[in-house]
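Read through the structure below, which is laid out as structure tokens, and then see the notes.
What follows is calculated from the coordinates using simple rules that are stated; it is not laboratory data. Since this is a predicted model, take the numbers as computed values, not measurements. Cβ placement follows ideal geometry from the backbone for every residue including glycine, while neighbour counts extend to all protein chains displayed.
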Amino acid sequence: MPLSLHNRVIDELGRAVIDGRSPAGTVLHSDDIAQTQGVSRSVVREAIRVLAAMGLVESVRRIGIRVLPQERWNAYDPTVIRWRLEGEGKGAQLRSLSELRSAVEPMAAELAAQHCPEELSAQLMAVAAQMRTVGRAGDLNRFLELDILFHRLVLHGSGNEMFASLDEPIGAVLSGRTDLGLMPARPHETALQWHVDVADAIQGGHPEKARAAMELIMRRTIAEVEPTWADTPRPYFA
């Protein structure tokens, strides 16, 4: 099947669920979707399979395709994160991931300083140095690539497979922050130095220093993006 059709149907149906145009409890039908989207039923079936894996819908025998409530969504799926960041839910999504990062990444840095392989810590140090050079030059696209890699290396360097599995969600929120224009034209010099401090502490085997430097990064990040969720209520799932 043409991949472009497949992706288009996933994107249109998924966004409709995320932004509330297809609210929880709505029942969709494959034939209607195929007709509306101008695609075959096989394309619709594959799209629904993908959306079901994201927790957005479920197929119910003799009923149709039921839209699921938010508590059933796969909150860590990078595509779900991207859709939320591009819609009205961007404030809540930024808040959730920023708070998650502030809880996980300082501990990841501390563990990386204890367990990170030498080759990985050397790469982390090189990336931090490149971030400072690129950040000072104001190349935000290249800085974003390096920033995503930096935090990925810290998570993987922790030796904790559950922390490592957060690399894609955290990469998605870093991308979203840049796409939403929430990054300064040039990263703050102090923030650039804190990244170097994290890398230096990890390479030198200083867990407390690594954790402290990462906590500074996280607090600065939250302070910069917090206005996006200032008036956003918190969801509470029973």
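Structural remarks
- Mean ellipticity per residue at 222 nm, deg cm²/dmol - from DSSP H runs of n ≥ 4 across the chain, formula -39500 (n - 2.57): -22000 deg cm²/dmol
- Helix 207-225 and the longest principal axis of the C-alpha atoms of the chain enclose an angle of approximately 50°.
- Pairwise FRET efficiency - L180 versus S59, Cβ, R0 = 30 Å, nearest 0.05: 0.30
- Charging the Cβ of each Asp and Glu at -1 and of each Lys and Arg at +1, and nothing else, the dipole of the chain about its Cα centre rounds to 680 debye.
- In terms of its alpha-carbon gyration tensor, region 116-169 comes out oblate; a/c meets the 1.5 threshold, while b/c is at least as large as a/b.
- In degrees, nearest ten, helix 118-137 long axis to first principal axis of the chain (Cα): 90 degrees
- Dipole axis of region 95-176 (+1 Lys, Arg; -1 Asp, Glu on Cβ), positive-most option in S121, L97, A108: L97
- Extended-chain gain in nm, criterion 0.36 nm per residue less alpha-carbon gap, A230 and E88: 49.8 nm
- Rg over Rh [alpha-carbon atoms, Kirkwood Rh] for the chain: 1.05
- Remark: relative contact order (region 81-152) = 19 percent; criterion is Cα-Cα distance under 8 angstrom and separation of 6 or more residues.
- Across the chain, the relative contact order, built from alpha-carbon pairs under 8 Å that are at least six residues apart, equals 21 percent.
- C-alpha long axis of helix 90-115 to longest principal axis of the chain, angle in °: 40 degrees
- Mean Cβ neighbour count within 10 Å, used as a protection proxy, ranking 183-191, 5-13 highest first: 5-13, 183-191
- Computed label-point distance, nm, for sites S102 and T26 using a 7 Å Cα→Cβ extension: 3.4 nm
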